[in-house]
Every structure is written in C-alpha cells, then in structure tokens.
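The values are calculated or read from the model by the stated rules, or taken from the named source; none is laboratory data. Bear in mind the structure is a predicted one, so any value in this text is a computation, not a measurement. Cβ sites come from the backbone with ideal geometry, for glycine too, and all protein chains shown count toward neighbours.
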Amino acid sequence: MTHQASTTRRDLLKLAGGAATFAALGAIGTDAARAAAPMLGVSRPSVYRFKLGNFEVTNILDGYVQGNGPHPIFGNNQPAEAVQAYAKSQGLPPTKMENVYVNTLVNTGKELVLFDAGNAKGRMATAGKLADLLVTAGYKPEQIDVVVITHGHPDHIGGLMEGGKPVYPNARYVFGEAEFDYWKKGENIAENRKANREQFMQVAVPFGEKATFLKGEGEVVAGIRSVPAFGHSRGMMAYHIESDGQRLLNWADVANHYVMAIQQPEWHVSFDDDKEMGVATRKRIFDMVSNERLPVVGYHMPFPSVGFVEKAGTSYRWVPASYHFNL
C-alpha cells in the first residue's frame, strides 16, 4: 500500500511537471501568435441608419480634421487660458481638437433627400468620402432625388461637383433664398470668405436654374420643412423632419462642437459669419429642442451625430442618443 501510494505520488508529480511544462509552452506559443498579429490602425464607424416613423435616416461620416484648438476657434472673445482651462475641466485636450463632417440622408419612401454635399475630394486626406460612402450605405449618387444645401460653406458645398460634373446628376436642389442670394451677389464678403465665395460661384450657382429657394419655414418634401437659423452663415437653414408623429431637427451648424458651442453658447465661434447672431440662434434653437425634447442631428456633432440637448443650470449640455432609435 505504501509502495503503491509512493509510486502514485511520484507519478502525480511527473504528471504535474509535464502539465506545467505544457502550459508554459502553450503560453509561449499563444504569446508568439499574439505578437504575430499585425497592427491594423484606428477603425471608425462611418454609416449609421435608423428609423424615424416611416422614414429612414442615414448619417454618413464624410470625414474629419484634427488640429489646434479649441481656442481661438471657440471662445475667440475669451482669453486663451480660460478656454483651455475649460476644455481641460471637461476632460478634453486643452490645445488639440477634432472636427467631424456628418451628412444626413433621409429616405421618405418616395424621395431620397441628401442634406449637404460634404467636402470636395482632395481638399484634405481625411475628408471628402461622402459619395463613396453612399455606395457603402447601399445607395448610388444617381439615386439622390433632392440635395438640400443648408448653407454655403466649403464643407457643405465642396462635394457638389467633381471634375466639373454634378456628383448627383438626377437631383433637384434646395437652397435658402437669403443664403443663395448673399453668396451670388458677393456684397460685403469678408476677406477670409472670398475664396469661399469663388467656390460657391463655381459649384453651387450653376444649380440655381433648377433649384427651389426657401423663405422662412418652406417645404422641401412632405415631412421636411426649413427652420431659419441665420448667424453661422448669413442665411443658414436648419430642417425639421417628421414622420408618423416622430420628429427630428437637422440643425446643420447651429453648434460646431458638442461641448464648447453648447455649454458655452455665448462664446464666439470663429467660423460664424455673424457672431452675435450666431449666439442668439444657438440660444433660440437650444431652448426649442430642450423644451420640446426634440432629437437633433448635427453636422459637427460626434458621430453618429444624433442626440438631445438638455438644460443644465443656466446653460445646456449635449446628450448622445443611446438605443433610442434602434428599437
């Protein structure tokens, strides 16, 4: 009994040693396999589709740009140190920022309505992807029935043409009348917007002959109406979208940053053509969407760029949508 027990113990020790060796070899092999996996780089989602009543809404990431900021882009009527300190208090880098460009496509069941045309291809390496991503999202540029230009800044009109030809050849075009007239007339154009005006003349004005021009709360198609939002540009329009009792506001560039522009609406934004009017519009729109609990899509909100604005004391804050639109 004793001999058998001793042998059993020796055998167990051998087995244990073998198992440990095998485990060690397995671990080495696993580590080697892990080390052999290549680095793949950052992967960003670029298409998000959801239902709004009987409509389908698709947000598409045309691209992004990274650079210095938030000051003086945001809070350029504030000391740089104050803006940087505020960014840091919100968990953001004090001297670096990212700006995204997000286009919204609405399928009403009768028409495909695209809001803005994104950046021109080649303007920057990380943007100008809209036309290609439309295909990824399941559409073709020639299927677009209506292109709505919220305003005439380069990141909204640059993708209207490529190689001198319309990217969306079968579409009709919609502009706010005040916005179109401002750029076309070319009066009182600020020095930093003169190249912008030349671009507008080249890529947007040619569509004027077959365009619809909206004043006030005009209709694009059934269920989509304009909402004046002047300030960021001289005649920018936001758009109210409604289907089967469900509502959404595409506010274009009412806010260009989910923290700086929303939590500090009185801070001037360098992109705004009329800075005080931009402040007034932000407050008016923020009050409307927060009071009505109206969801928002925004061209420069963090992708997938749909959420809500809530009142926070005497200010506001951006609340990203969770699974609200997935149910």
- Message: Restricting to segment 224-254, count the residues that are in contact (Cβ under 8 Å) with a residue 60 or more places away in the chain, outside any strand (DSSP E or B) and closer than 17 Å to Val306 by Cα.
- Response: 2
- Going through (1) hydrophobic (A, V, I, L, M, F, W, C); (2) surrounded by 16 or more Cβ atoms within 10 Å (Cβ to Cβ); (3) farther than 22 Å from Trp267 by Cα one by one, Val83 fails only at (3)
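Each row is one residue, and each column tells you yes or no for (1) among the hydroxyl-bearing types (Ser, Thr, Tyr); (2) outside the structural domain of Val220 (by TED's automatic domain parsing); (3) closer than 24 Å to Lys96 by Cβ.
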| residue | (1), (2), (3) |
| --- | --- |
| Trp251 | no, no, no |
| Ile262 | no, no, yes |
| Pro265 | no, no, yes |
| His268 | no, no, yes |
| Ala280 | no, no, no |
| Arg284 | no, no, no |
| Asp287 | no, no, no |
| Ser290 | yes, no, no |
- Item | Candidate set from segment 184-208 (those that are in a helix (DSSP H, G or I) and in contact with a strand residue (DSSP E or B) (Cβ under 9 Å, 6 or more places away or on another chain)); member that is farthest from Leu160 (Cα to Cα) | Gly208
- Query: Of Arg282, Arg293, which residue is closer than 16 Å to His232 by Cβ and modelled with pLDDT of 95 or more?
  - Reply: Arg282
- Query: Among (1) under 26 Å from Thr108 (Cβ atoms); (2) surrounded by fewer than 15 Cβ atoms within 10 Å (Cβ to Cβ), which single condition is Tyr173 missing?
  - Reply: (2)
- Message: Going residue by residue through segment 211-218, is there one that turns out to be assigned to a strand (DSSP E or B), surrounded by fewer than 18 Cβ atoms within 10 Å (Cβ to Cβ), β-branched (Val, Ile, Thr) and modelled with pLDDT of 95 or more?
- Response: yes
- Single match in Ile157, Ile189 (criterion: free of Cβ contacts under 8 Å to residues at least 12 places away in the same chain and touching a helix residue (DSSP H, G or I) at 6+ places or on another chain (Cβ under 8 Å)): Ile189
- Item | Flag if Tyr64 is part of a strand (DSSP E or B), at pLDDT 95 or above and more than 27 Å from Ala178 (Cα to Cα) | yes
- Query: Regarding Asn170, is this residue without any contact (Cβ under 8 Å) to a residue 60 or more places away in the chain and within 20 Å of Ser46 (Cβ to Cβ)?
  - Reply: no
- Query: Just checking, which of Gly128, Gly91 is part of a loop (DSSP other than H, G, I, E, B), more than 17 Å from the chain's Cα centre (by Cα) and farther than 25 Å from Val221 by Cα?
  - Reply: Gly91
- Of all residues in segment 125-169, which are of a type in the set (Lys, Arg) and over 19 Å from Tyr48 (Cβ atoms)? Lys140, Lys165
- Item | All positions within segment 308-327 that are in a loop (DSSP other than H, G, I, E, B) and in contact (Cβ under 8 Å) with a residue 40 or more places away in the chain | Phe325, Asn326
- Message: Given the criteria at pLDDT 95 or above, out of contact with any helix residue (DSSP H, G or I) (no Cβ under 7 Å at 6 or more places or on another chain) and either surrounded by fewer than 19 Cβ atoms within 10 Å (Cβ to Cβ) or closer than 17 Å to Gln143 by Cα (or both), does Lys165 qualify?
- Response: yes
- Note on the structure: Within segment 271-307, residues in a helix (DSSP H, G or I), over 30 Å from Glu191 (Cα atoms) and not β-branched (Val, Ile, Thr) come out as Phe286, Asp287, Met288, Ser290, Asn291
